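The values are calculated or read from the model by the stated rules, or taken from the named source; none is laboratory data. These numbers come from a predicted model, not from an experiment. FYI the Cβ positions are ideal-geometry reconstructions off the backbone, even for glycines, and counts take in every protein chain you see. SASA here: full protein model, heavy atoms, side chains in, ligands and nucleic acids out. Shrake-Rupley method; radii C 1.70, N 1.55, O 1.52, S 1.80 Å.
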Amino acid sequence: MSKSQKPSNLVEAIRYFSDLDVCTEFVANLRWPDGPVCPRCGGTEYSYLTTRRVWKCKACKKQYSVKLGTIFEDSPLGLDKWLPAVWLIANSKNGISSHELGRALGITQKSAWFMLHRIRLAMQTGSFKKLGGTVEVDETYIGGKARNMHKAVKARKITGTGGKDKTVVAGALKRGGEVRAEVIPDRKRVSVQGHVKKHVEDGSRLHTDQHVGYIGLEGTYEHETVDHAVEYVNGQVHVNGLENFWSLLKRGLNGTYVSVEPFHLFRYLDERVFTFNERDRSDFGRFEAVLSAAVGRRLTFAEVTGQR
């Protein structure tokens, strides 16, 4: 495959990015389309040290690599490992576990786990644009299934019935469009309505179930409800699109990742929201979208493990 011909599937991606020089050139062109820019001083004059694949800024005299200031910074793993990993997670419908990624890349599970969390950081949309038109809003509980737990783990984690020991996730889906999802403290009115007002434009047509937390939104939205005790669809009023997203989310959490701690749940939400919202792109398009968002985002091992 020539450099001008971009990969379209996993096999082609692995072959294409097997050469570190190709990887470096690809990321550099994506990051600096008009030529390398020093991340420290913004200088555009440089010399390139071929043997080490680094640039030396003629202004500040500092050396910098294409990894500096990105999710790849300070990683001992080469881009020939990183780029196939980005391709895999960006195009996996149900996610990929750290054990599976570690085996595929020939690295340890611990390294693969940290790598995946750094890639998920690049998947954060961070969009301030609110959803409009017809918007479905719903919540779901995320948590381990008691029947799958060891007795000692069950005694520690399950202290009540229903959703007492589960994490609440709220979602908003523009009918036929993008989804937003986030962890909220509980299903009380202030939490649920705070999520709605954060993500949905005033005046939108809002579809929810009849949970009491949504009472009072009628003045801000064209609020219509469906009673799930009776039916799941009332004419055009339903939350089936968001229920489909919950199904995809839980298939990944329960089937691929098996056990997700509440502390890390938001990172997995970022991953699943990204892949859902970018579902109409090609494999290369999703891959490129993640790489384009890798700059300016850095995650240390201390941060991901909650040590600071």
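So that you can scan it fast, the table gives a plain yes or no per residue for (1) at pLDDT 95 or above; (2) open to solvent by 60 Å² or more (accessible area, probe 1.4 Å); (3) assigned to a helix (DSSP H, G or I):
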position	(1), (2), (3)
GLY219	no, yes, no
HIS223	yes, no, no
HIS228	no, no, no
GLU271	yes, no, yes
For residues that are over 23 Å from GLY252 (Cα atoms), of a type in the set (S, T, N, Q) and in a loop (DSSP other than H, G, I, E, B), tally how many sit in the range 273-308. 2
When restricted to ARG40, ARG15, the only residue open to solvent by 90 Å² or more (accessible area, probe 1.4 Å) and part of a loop (DSSP other than H, G, I, E, B) is ARG40
Based on this model, can you work out whether THR256 counts as open to solvent by 30 Å² or more (accessible area, probe 1.4 Å), part of a helix (DSSP H, G or I), touching a residue at least 24 places away in the same chain (Cβ under 8 Å) and at negative phi? yes
Among the numbered conditions (1) under 19 Å from the mean Cα position of the chain (by Cα); (2) closer than 30 Å to LYS174 by Cα, tell me where ASP138 comes up short. (1)
The range 55-75, residues that are modelled with pLDDT under 95 and loosely packed, with under 15 Cβ neighbours inside 10 Å: ASP74
Filtering the range 35-73 for residues that are free of Cβ contacts under 8 Å to residues at least 60 places away in the same chain and at positive phi leaves a count of 4
Residue pairs, Cβ under 6 Å, 6 or more apart or interchain, first in the range 104-124 and open to solvent by less than 40 Å² (accessible area, probe 1.4 Å), second in a helix (DSSP H, G or I) and of a type in the set (Asp, Glu). List them. ARG120/ASP270; ARG120/GLU271; MET123/ASP270; MET123/GLU271
Restricting the range 200-212 to residues that are in contact with a strand residue (DSSP E or B) (Cβ under 8 Å, 6 or more places away or on another chain) and farther than 18 Å from GLY176 by Cβ, which is least open to solvent (accessible area, probe 1.4 Å)? ASP209
Scanning the range 231-247 for residues that are closer than 21 Å to LEU265 by Cβ and either loosely packed, with under 12 Cβ neighbours inside 10 Å or basic (Lys, Arg) (or both) gives SER247
Could you please find all residues in the range 277-308 being open to solvent by less than 50 Å² (accessible area, probe 1.4 Å), of a type in the set (Gly, Ala, Ser) and under 24 Å from ALA13 (Cβ atoms)? GLY285, ALA289, ALA293, ALA294
Do we find that TRP32 is touching a strand residue (DSSP E or B) at 6+ places or on another chain (Cβ under 6 Å) and either of a type outside the set (Ser, Thr, Tyr) or in contact (Cβ under 8 Å) with a residue 60 or more places away in the chain (or both) in this structure? no
